[in-house]
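The values are calculated or read from the model by the stated rules, or taken from the named source; none is laboratory data. Remember, it's a predicted structure, so these values are computed and weren't measured experimentally. All Cβ positions, glycine included, derive from the backbone under ideal geometry; neighbour counts span all protein chains shown. All accessible areas refer to the heavy atoms of the entire protein, side chains included, with ligands and DNA or RNA removed. Shrake-Rupley method; radii C 1.70, N 1.55, O 1.52, S 1.80 Å.
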Amino acid sequence: MDQVKKIELKDVYKSFGKKKVLQGVNLSLNKGESLVVIGGSGSGKSVLIKSIIGLLKPDSGSVKIDGQETVNISQSERNILMVKFGYLFQGGALFDSLPIWENVAFGLLHAKNMSRDEAREIAEQKIMQVGKGKDISALCPAELSGRMQKRISLARAIATSPEIIFFDEPTTGLDPIMSDVINNLIVKCSKELNATTITITHDMVSAIKIADRMAMIYEGKIIWEGSPKVAFNSNNSYVDQFVHGRSTGPIEIKLQDH
């Protein structure tokens, strides 16, 4: 008997008016697997993640989590499902009006209805887990550097011990050294939770470090999947152009056509 996939998408389509974004995406992940999705701006990476988590509803197709179809589930069923997810947003998306500990504990307080004392204790543990002291717990996000805010955003993403975590451009705006710190933290935290993760990124250094498997999305479809070890020698002209950062190639031709 085949193992039930943690995440499974079949023939997923999503358009916004005349703009076709996802055009038949097929993708699956096993429990504990780390998938990195690469692709150019506007290729559908963020729409893909939002369609899995339910922030967007596909026009057609199937999105299953642990074998459960999720496309047309009720709001109450969706609320139960959401507890499985953690999300590191591209810009961090911390709440300016809340102290650091409450930012990290947001899911514990509002999704799991935990007491404030218990939630704060867990939040401070997660803050230390990403390499910061709990003495910053009472500070506001504006009092932290962008690098520290990124760590706090990661602490929030893992605070509820999610089964599935999405990382949206986790190293954007960071220098190479800090990017490596964040990459190492992502790998460490994901392994400790045995979480299934999807990361979208333009950063090939991050992709190689984080991924068990890579997939490239182009014109709304997954056009290549494989080990990060073979990404630079994929024999796929679209993948080769993207991972080597070449200005000329089939992707440029398509852009010119538009």
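Remark on residue 71: its backbone amide H falls under 5 Å from those of 63, a criterion applied only to residues 5 or more positions apart or on other chains, H modelled at 1.01 Å from N. Accessible area per residue for the range 188-241, computed on protein heavy atoms with a 1.4 Å probe, is 44 Å².
Taking the Cα centroid of the range 27-62 and of the range 136-195, what is the distance between the two, rounded to the nearest whole Å? The two parts, judged by their Cα centres, are 20 Å apart.
Nonpolar atom fraction for the chain, defined as the carbon and sulfur part of the 1.4 Å probe accessible area, stands at 51 percent. Charging the Cβ of each Asp and Glu at -1 and of each Lys and Arg at +1, and nothing else, the dipole of the chain about its Cα centre rounds to 240 debye. Across the range 146-217, the fraction of Cα-Cα pairs farther apart than 19 Å, rounded to a whole number, is 27%.
Under 20 Å from a point 7 Å along the Cα-to-Cβ line of residue 118: which residues of the range 57-85 have their amide N that close? Residues passing the 20 Å test: 80-85.
About the centre of its Cα atoms, the range 123-234 shows a dipole size close to 220 debye [charges on the beta carbon of Lys, Arg (+1) and Asp, Glu (-1) only; nearest 20 debye].
Pairs with C-alpha atoms separated by more than 26 Å, drawn from the list 64/134; 14/150; 126/209; 14/188; 31/209, are 64/134; 14/150; 14/188.
With each label modelled as a point 7 angstrom along the Cα→C-beta vector, the residue 23-residue 62 pair spans 2.4 nm.
If the chain between residue 125 and residue 187 were fully stretched, how many nm would it gain, using 0.36 nm times the residue separation less the Cα-Cα distance?
So the chain would gain 20.5 nm between residue 125 and residue 187.
Which shape class applies to the range 18-99: rounded if a/c is under 1.5, otherwise prolate when a/b exceeds b/c and oblate if not, where a ≥ b ≥ c are the square roots of the Cα gyration tensor eigenvalues?
Judged from the Cα gyration tensor, the range 18-99 comes out rounded (a/c under 1.5).
For the range 145-167, no residue has its backbone nitrogen under 13 Å from a point 7 Å from the Cα of residue 97, taken along Cα to Cβ.
Counted by Cβ distance under 12 Å from residue 196, the other residues give a net charge of +1, where Lys and Arg count +1 and Asp and Glu count -1.
If the segment from residue 172 to residue 90 were pulled out straight at 0.36 nm per residue, it would be longer than the present Cα-Cα gap by 28.8 nm. The residues of the range 24-63 have, on average, 32 Å² of accessible surface per residue, using a 1.4 Å probe with all protein chains present. Accessible surface of residue 140, taken over heavy atoms with a 1.4 Å probe and every protein chain present, rounds to 50 Å².
Cβ-Cβ distance of residue 235 and residue 30, R₀ of 30 Å, FRET efficiency by 1/(1 + (r/R0)^6): the value works out to about 0.75.
Dipole orientation for the range 1-153: of the candidates 3, 119, 47, 47 has the Cα lying most toward the positive pole (charges on Cβ; Lys, Arg +1; Asp, Glu -1). Taking max minus min of the alpha-carbon positions on each principal axis, the chain gives extents of 55, 43, 40 Å, largest first. The largest accessible area among 120, 213 belongs to the first residue in 120, 213, and the rest follow in falling order (1.4 Å probe, all chains).
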